[in-house]
Amino acid sequence: MGPSISYETEPTSRLSFGSVLAWSVWVGLGSGCLELAIFWLKCRYLDPRNLNVSRHLVWMFPLAGLLVVGGCGIGIGLVSRLWKPMARPSYVLFPLLAVAYAGILFRAPLYTLACLILAAVLAIKSARFLESKRFWREGRVVRWLVIPLGLLALTVALSFSTELLTDHHPQDPRPEKSKNVILIVMDTVRASSLSLYGYSRETSPQLARLAGQGVRFDQAYSTAPWTAPSHASMFTGRWPHELSVDWDRPLDATFPTLAEVLGNQGYATAGFVANTTYCSYETGLSRGFAHYEDYDVTIRGIGLCSSVIERSLNFLHKHPRLAQWVGDDPSAKGDRKDAARINRDFLGWLEQRPKDQPFFAFLNYYDAHHPYISPESDPRSTIGRKPTSSRDFRLLKTWWERDKLDLKPEDLALAIDAYDQCIAGLDHQLGRLFDELKTRGILDESIVVITSDHGEHLGERNLFGHGCSVYRPELHVPLVILAPGSLSAGTVVTEPVSLRDIPATVLDLIHSPRTPLPGQSLATLATGTSVARPGGSVVRSEIKSPPEDDPNRGRSPAAKGAMTSLVDRDFHYIQGGDGHEELFNLKHDPEEVHDLARSRDQTSTLDRFRAMIR
């Protein structure tokens, strides 16, 4: 027998550049898969909530790990070629494993410094172990590299092919000529900030033009002051308390949606979503749509699947000066889709759809949502002061987290100006969309509903944002319906109405043979036959609790418990979770300044609202 060889005593062993890259692939993909597993288990079981990531996450996480660790590997490989001692296996493996361990540990609720120290210790131990066992040898590392790369490629292919298979159109189009249906939701646009409803600034000239071609509802109210339950009501015709949806719970399949009903009646269905937080596939709102575009697959989106990149960006977010030094653009809106993008996607889909088939399209615009940064390509005319400096943009980007009670008056004025500018830019894009639909001859053959899911507090009652109350700034929204040949152009409805009635209205206007969705058609109001509406005109809105990241730092009225709002004729009644009651006369007090709940003259009115809730 020959002499034994100790693998631990080969100080001259070196890794080639190719071997360094091969190790980067193995470590990167492995860490990405572990991050995916931890992330999924945490969101599903430990801290249930929406994942807020593309449905392609099964390959995006491993690829993100590969990109991060692979980038380090390329740098290490280049350095090792210039400085030979750096090519020693343990020297190469230590930084690769340190980055990988840091990414995994960042998924735990630990301080960054603690994660980095622990990652360094684990990396040292692992690198020494791998070097001692000669797992670093190039033959072993490169030989089996085809397995993880092949699995990654197969996962990508299956992920996209599954999406293509689900993107289909009904095989049995509706036999008679039917109107198309277009539902447009302008996320976070309150009625009081639209010139269409008397606002002093010219924020919505295009919407006013469209309203002149259809019916304008002056007292339309959302069923909830935040996105998911409001959309769910618009899709199902149900009140939020009837539905499963909540901040961390999706809409289940208990009740049919408008998309499902129209799809079953031969409509091609498609959704184009900019609010990927509460309108994505995992919220349940995509149910019934054959084609649904929410998350984009972008390099930035893939990168954010890595906790190393995510925590680095969060660090820069908290240190503006450092972010400015490394070249971070405070005015950038990331991957968020603007109105122009939603328009392009929708019009592109129209080109591909079957021409002999009616369609139902849902368009969700997100331009007016914080951080209120309007695309530069949109004209903002002379509305207010435009954000120009880095401080302005950082103020808007951190608007949700700031303590609003410490804001300077000029800071609040800037936020209001920016919000109005976003609405004006969105209005401009809506005008362009409808001009294009008119040119294509689609507008005359379509039922169009334009509304918003909720409003926004901008300092009223010292409240900011949404999802925090059921006061009018959060509930009063625009509503315009165009139905050529069915509704008279220029009609104005002043009776209070609920967005919950949108599905019933759509089915009524297209003369649907089946109306499985509850609610009352608003078309009766526009044609003067509203006296026959069962149940009167009582409008209900509700919220269970404020968001976890309450923009009002716990001062939100909803933080005291679930709130219920009822609007009947001229009165707005609010019942808080602590039993506190408020009553406002909207005709004489639209700003809800004078609470009449303690007025002896309103005892009968209060009793009537209490009976309605019971």
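Structure values in brief
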item: Residues of type lysines that K84 reaches as a straight line, Cα spacing below 29 Å, ignoring anything fewer than 8 places off in the same chain; result: K125, K133
item: Alpha-carbon gyration tensor eigenvalues x 5, square-rooted, for the range 7-165, Å; result: 30, 20, 12
item: Inter-part distance where the range 193-262 and the range 283-316 are each reduced to a Cα centre, Å; result: 25 Å
item: Set of aspartates and glutamates with alpha-carbon distance to K42 below 19 Å, sequence-local pairs under 8 removed; result: D246, D248, E282, E310, E548, D549
item: Relative exposure of W226, W23, judged by other C-beta atoms within 10 Å (fewest first); result: W226, W23
item: Highest to lowest packing among 196-206, 46-56, 210-220, scored as the average C-beta count within 10 Å; result: 210-220, 196-206, 46-56
item: Rounded tilt (10° steps) of 112-132 against the dominant C-alpha axis of the chain; result: 40 degrees
item: On Cα atoms only, tilt of 17-41 relative to the major axis of the chain in degrees; result: 40 degrees
item: Dipole magnitude of the chain, debye to nearest 20 (Cβ charges: Lys/Arg +1, Asp/Glu -1, about Cα centre); result: 1980 debye
item: FRET efficiency, 1/(1 + (r/R0)^6) with R0 45 Å, evaluated for D356 and D246 via beta carbons; result: 0.65
item: Dipole axis of the chain (+1 Lys, Arg; -1 Asp, Glu on Cβ), positive-most option in I299, Q206, L258; result: I299
item: Taking L437, L116 and counting other C-beta atoms within 10 Å, the order from fewest to most; result: L116, L437
item: Amide H contacts under 5 Å for Y292, placed H, 5+ residues apart; result: G271
item: By average C-beta atoms within 10 angstrom, highest first, the peptides 24-32, 141-149; result: 24-32, 141-149
item: Two-decimal ratio, the chain, of alpha-carbon radius of gyration to 2.2 N^0.38 Å; result: 1.12
item: Segment A597-S132, length gained on full extension (0.36 nm per residue, minus Cα span); result: 159.5 nm
item: Inter-label distance, nm, simple model (7 Å from Cα along the C-beta direction), T515/T298; result: 4.3 nm
item: Degrees separating the helix 339-352 axis from the principal Cα axis of the chain, which is the longest one; result: 90 degrees
item: Fewest-first ranking of F346, F255, F61, F17, using other Cβ atoms within 10 Å as the exposure measure; result: F17, F255, F346, F61
item: J(HN,Hα) series, the range 353-370, from Karplus relation 6.51 cos²θ - 1.76 cosθ + 1.60, nearest Hz, glycine and proline x; result: 6, x, 6, 8, 10, x, 10, 10, 10, 10, 10, 10, 9, 10, 5, 8, 6, 4
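Values in this text are rule-based calculations from the coordinates and carry no lab data. These numbers come from a predicted model, not from an experiment. With ideal geometry, Cβ positions are generated from the backbone for all residues, glycine too; neighbour counts draw on all protein chains shown.
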